[in-house]
1. Can you spot a residue in segment 76-91 that is crowded, with 17+ Cβ neighbours inside 10 Å, under 23 Å from residue 190 (Cβ atoms) and within 14 Å of the chain's Cα centre (by Cα)?
2. Limited to segment 93-147, what total is found for residues that are of a type in the set (D, E, K, R) and touching a Ser or Thr at 6+ places or on another chain (Cβ under 9 Å)?
3. Exactly one of (1) modelled with pLDDT of 95 or more; (2) part of a loop (DSSP other than H, G, I, E, B) is unmet by residue 268. Its number?
4. Quick one: which of 65, 60 is at pLDDT 85 or above, outside any helix (DSSP H, G or I), in contact with a Phe, Trp or Tyr (Cβ under 8 Å, 6 or more places away or on another chain) and not basic (Lys, Arg)?
5. Assuming residue 145 fulfils every condition listed in (1) over 22 Å from residue 202 (Cα atoms); (2) assigned to a loop (DSSP other than H, G, I, E, B); (3) not aromatic (Phe, Trp, Tyr) apart from one, which condition is it?
6. Restricting the search to segment 291-309, which residues are farther than 17 Å from residue 276 by Cβ and in contact (Cβ under 8 Å) with a residue 40 or more places away in the chain?
7. Does residue 239 fit the bill of being surrounded by 15 or more Cβ atoms within 10 Å (Cβ to Cβ), closer than 30 Å to residue 95 by Cβ and not assigned by TED's automatic domain parsing to the domain that holds residue 61?
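The values are calculated or read from the model by the stated rules, or taken from the named source; none is laboratory data. The structure displayed is predicted, hence computed values, not measured ones. As a convention, Cβ positions derive from the backbone with ideal geometry for all residues, glycine included, and neighbour counts pool all protein chains shown.
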Amino acid sequence: MAAEANGFRLHRPGVGDGRPVRAESAEPEILDDDAVLDLSTDIAGGDVEDTLRRLDAELVGLANVKRRVREIAALLLIDRARQRFGLSSSRPTMHMSFTGGPGTGKTTVALRMAEMLHALGYIRKPKVHTVTRDDLVGQFIGHTAPKTKEALAKAAGGVLFIDEAYYLFRPENERDYGQEVIEILLQEMESERASLVVIFAGYPDRMERFFSANPGLSSRVAHHLEFTDYTHAELMGIAELMVAGENFRFDEPAHSAFAEYLALRMTRPRFSNARSVRNALDRCRLRQAKRLVELHTPLTKTDLITLTDRDVYGSSVFSDSSVFTDSSETREGPSARAPA
């Protein structure tokens, strides 16, 4: 039916609300003014809800980011409904800025955003092409434009994710070719709005300077999402999700030990939120494997899936703390709190 051609089913009182099969039509008929359109039967809306549920399952916290993603989804869903009634309006701009520290979920959200925008018909492909300065800026005259256009071609129909975007702008170097990249991006972001979404990502303070120095670029970015650092409790939740996802578990002492580990690690340089949690768990698995092999005894399933406090306290993070009461102990050896 014509009303289903845009992924909608007309509301009919008394008729079941089972999810319809997506119908194909390039030019659906315009609905009458007195027609009723049920948003809950939009197939794309169902796909978006699936994506949002995945986002909630994958990422702990980030309430403000998830709220903005849902707002964008609602905007595009309503825009689809308006089109069914022949209500024309300008195409919403979806270029974005993701600001936050490392390991705060920016790449994951970009991937889910691409899926959502594709489901709602805003982009043709649910893909993200990730680049950095090295992928865009050439080393000699005439090299930058081809590199940038190649990256844009690979991202066409989807999302171009520019990580550490502020490195494109180096005002201290008059001969730097990063400004050429910015000028090309400005043109493409305006002329290819129907087929490309650009997401700039990086640390908040540097991104602020980047946009301040390039007001033309800033004016084309409609959505600024801030990814705040995770709290200790959120990082523990992330650790538990990661451990369960790899078919491991903490025993109670290990859970307490990892909480202590995080409290120490968060104060150290180069802490990268969820990324640091994953790295720490990988090292816990290494220490668990070494411990189990050195037992020289048959192993049970419980042995294979359990991470103990000894696997956590082996971290070098504890070597400068009060955890070690015997200065002769190495960081690979048993701790005072986790006897052999």
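1. Scanning segment 76-91 turns up no residue that is crowded, with 17+ Cβ neighbours inside 10 Å, under 23 Å from residue 190 (Cβ atoms) and within 14 Å of the chain's Cα centre (by Cα).
2. The number of residues fulfilling the criteria is 5.
3. (1) is the only condition that residue 268 fails.
4. Criteria check complete, one pass: 60.
5. Going through the list (1) over 22 Å from residue 202 (Cα atoms); (2) assigned to a loop (DSSP other than H, G, I, E, B); (3) not aromatic (Phe, Trp, Tyr), residue 145 breaks only (2).
6. Hits for segment 291-309 are 305, 306, 308, 309.
7. Judged against the criteria, residue 239 is not a match.
Condition check ((1) under 26 Å from residue 108 (Cα atoms); (2) modelled with pLDDT under 95; (3) in the same structural domain as residue 58 (by TED's automatic domain parsing)) across all residues:
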site: 244; (1), (2), (3): yes, no, no
site: 280; (1), (2), (3): yes, no, no
site: 290; (1), (2), (3): no, no, no
site: 299; (1), (2), (3): no, no, no
site: 316; (1), (2), (3): no, yes, no
site: 327; (1), (2), (3): no, yes, no
site: 334; (1), (2), (3): no, yes, no
